[in-house]
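Report on one structure; see the data block that follows.
Throughout, read-outs are computed from the coordinates displayed, never taken from laboratory work. These figures come from a predicted structure and were not determined experimentally. With ideal geometry, Cβ positions are generated from the backbone for all residues, glycine too; neighbour counts draw on all protein chains shown.
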Amino acid sequence: MTSPQEGRVLEANGISLYVEDHGDGVPVLLLHGWPDSARLWRHQVPFLMANGFRVITPDMRGFGRSQRPADVAAYRLRNMVADVTAILDRLGLDTAHVVGHDWGAAVAWLTAMLSPDRVRTLTVISVPHPLAAPTLRQQEMAWYQLFFQFAGIAEATIQHDDWAWLRTFSRGDGDLEQAIADLSRPGALTASLNWYRANLAPRMPGPARALPPVLAPTLGIWSTGDHYLDGERMADSGSLAGGPWRSARAHPCGQTPCSHRASSPARSRASSVPRQYVRGHAAGSERKSRSPVRHPRCGSCRRSGSATVRTP
């Protein structure tokens, strides 16, 4: 295991991946997205450890302290799935509860599809099923994904004037200074944008690709304060998942708004949603109930009588 301040570099799937491994108990693997690192989960790790879980948080390839391959094709999602299974292999784990946010959620979806024997439960934050039908709202929100395709121009624009573009784009959400420090490493910004170039580059239209069903019990979480992903697609994911499905909507409340990124101290309370869900399945519960997944309400919610997380 590693301390909350330390990690180690594992040779996995042909590259070097930085991984933190905290606590003992049922393993939970937390996968971050752009522009983050394992640090995204720093508020969730102690909460989950205190509830009896072994918590594993890697820097995904191209991010943070992990290796940054130069080839764009190295960032195809199937390579990331192989990274996940290789990390589990190196840690001697047959299975884990898998939680992903942003690109980490995309990797988590595909891991549950392509390596179903490795995923005990799946929790996806913000990102819907890969085959969820696109909406006009999502196309409007995803303009930046096209901007990121312009190699060199995107990098120069994002870094210009002390990262002014990123500061505006992030809307003050997340640990921006840490993200800037990570993206300032040699080659790191390009490596992070290669996730978009490898997987979201414009292509000729064609039939939807066939994907295996997700058999693991799945929880989808989306925030009404998300400026980058449309919640309608998450709501539609239940009919595509294939196995037991639950969903939760995180609502802004008081002074602790629930936005796209789950990294603020206030959002550590949201850990109780997947924790409650994972704990139920760790204890052998396989109910297909769509009843609400609840977590403790913050002070503002208690005063107003509203719930921070609700289910449709």
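Okay, here's what the table says:
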item	result
Shape category assigned to segment 17-137 from the gyration tensor of Cα positions, a/c cut at 1.5	rounded
For segment 168-177, Karplus couplings with θ = phi - 60° (6.51, -1.76, 1.60), whole Hz, Gly/Pro x	6, 4, 6, 6, x, 8, x, 8, 5, 5
Under 5 Å, built H, 5+ apart or other chain: amide partners of residue 54	25, 26, 28
Rounded FRET efficiency, nearest 0.05, which uses the C-beta distance separating residue 78 from residue 203 and R0 of 22 Å	0.85
Highest to lowest packing among 32-38, 181-187, 211-217, scored as the average C-beta count within 10 Å	32-38, 211-217, 181-187
Cα gyration tensor shape for segment 34-102, rounded if a/c is under 1.5, else prolate or oblate	oblate
Backbone N under 11 Å from the residue 145 label point (7 Å along Cα→Cβ), restricted to segment 192-211	196-197, 199-203
Theoretical gain in end-to-end length, residue 153 to residue 93 [0.36 nm per residue, Cα-Cα removed]	17.4 nm
Dipole magnitude (debye, nearest 20) for segment 75-156, charges at Cβ of Lys, Arg, Asp, Glu	120
